[in-house]
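No lab work stands behind these numbers, since they all come straight from the coordinates. Since we're looking at a predicted model, the values are computed, not measured. Glycine also receives a Cβ, built like all others from the backbone with ideal geometry; neighbour counts cover every protein chain displayed.
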Amino acid sequence: MGNTVPRELRTWGDEVGIVARRWWWALAVIVAMTWRPPVPAVQVAFNWAILVLVLLVAAWVILTARRMPHRPDEKWKRDVGRGIYRSWTAVAMRLGLAVPDYSARGTVPPSVSYPVWDGWTCNLHVSLPQGLGREHLQAQTGLLAQAFGARRAVVEGSHIGSLLLRLEYADALDEPFRLENDLPWDGKTVPMGIFSSGQIWRLRLGPHTLVAGASGSGKASLVWGLLLGLAEPIHSGLVEVWGVDRKGGMELALGRQLLTRFADDAQRSVILLEEAVDAMQARARQLAGKTRQHVAAKDSPTIVILIDELAALTAYETDRDLLRRANAAIATLASQGRAVGFVVFACLQDPRKETLPARGLFTQTVGLRLRDRMETAMVLGDGAVVAGALCHEILPDTPGVAYVLPEDGKPPERVRAGLVTDEMIRDTASRFAAPRQIPIVIPESPPDVPRQPRSRREPRTTTRKETAS
């Protein structure tokens, strides 16, 4: 990697030293020019050469001064970066991030690249010596953040030779924000919020998505972020949202115009799910032999089954028949719906398997603030927790902050959903109402047939002959 300080970390003294080493010949020329030759013509040439050299040096000084940081934050970043690079070896040795070097009777710590700033995040590429793995570096992220004064440290990458240590000194997710995105729908993703890097977080529409979070963790931000992000295709008929709100409609009723179908009680919710299964299977029969992947069209839209408080259907319902039917319908939709354009997006508070038997069928999961490490592992998996997805450490005053586990197996990513106000919901619902709304009809139960009373048998009288025998 070399010992030369990189350009973004150089001080004025570093620049002068580099010039002294690289431009020694220029200094020698200046010394030579101070010698006055006896011939006047030569003296004039020397004077012109000195003038040109002075102008070149002045130009170099001006350019160097323009490159040097003038703002306080740039100077702070430069000083912090220099400190991290200079103290890395000592910090790594203290934290046990080193392996014995028997040939030299010493130890070999990981080597790092020069720090490069991405906003308020300091990135270092880490090369681990043989004997250390990603899990060793990941296990020390808390102490590394403390040693370098960062708010948190994250390790990215899975291969030993491409590990990236990100030291975050400011959090882009601290403050709530409103997501303004007028881009047309790309047919695959929905803008939901931002990543910790400040880039737009777009949720893939296609994998069945499970959102788990404690009360007050910000599930509503994701529900309405999905609906507002799909407002344009909903209005055009490319997407239909069938909503289930087991809180009596307190959440979804505000944007009722965006929903093609809506249920707010147990019986209608189960009917909606079962009719979604029937429609899914009918579409599968239509597409059989023609294609293996549904493409949204106005006569064959993508159907999003949006369920708020899923556990009320799968675990807390007191009617055993409705409970059984709801679990069967959800399992069928989650196992067969993706290829034919039926997508389930569900939210719940309790992620236990007893609460949601079909939990394993949701391949895209979002973990908001949860109660403990065990719940985080239930939602995102043990590997995600080891990789730094700590949903149980999300602060209560940051609703909408979550960890997303992508379907493709990449490391979990920290995000925050955009803030959605009631005014935004009303305005979007009035401007982008669904082209049709289909009511849910409860089938009439057959009239009860009165039960015939059982006839009482008369007591049998015994004859004198039967008594005698």
Please get the size of the charge dipole for the stretch 269-364, origin at its Cα centre, with Cβ charges of +1 on Lys and Arg and -1 on Asp and Glu, quoted in debye to the nearest 20. 580
Residue pairs, from the table K290/K353; K219/K410; K188/K290, whose Cα atoms sit over 29 Å apart: K290/K353
Evaluate 2.2 N^0.38 Å with N set to the residue count of the stretch 183-256, then give the Cα radius of gyration divided by it. 1.16
Viscosity 1.002 mPa s, temperature 20 °C: give me the Stokes-Einstein translational D for the stretch 189-431 in µm²/s, with Rh taken as the Kirkwood radius over C-alpha pairs. 119
In terms of the Cα gyration tensor, with a ≥ b ≥ c the square roots of its eigenvalues, is the stretch 72-168 rounded because a/c is under 1.5, prolate because a/b exceeds b/c, or oblate? prolate
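Going by how many other Cβ atoms sit within 10 Å of their own, how do F362, F148 line up, fewest first?
Values: F362 23, F148 20.
Least crowded to most crowded, the residues run F148, F362.
Net charge near E309: determine it from the other residues with C-beta under 13 Å of the C-beta of E309, scoring Lys and Arg +1 and Asp and Glu -1.
-4
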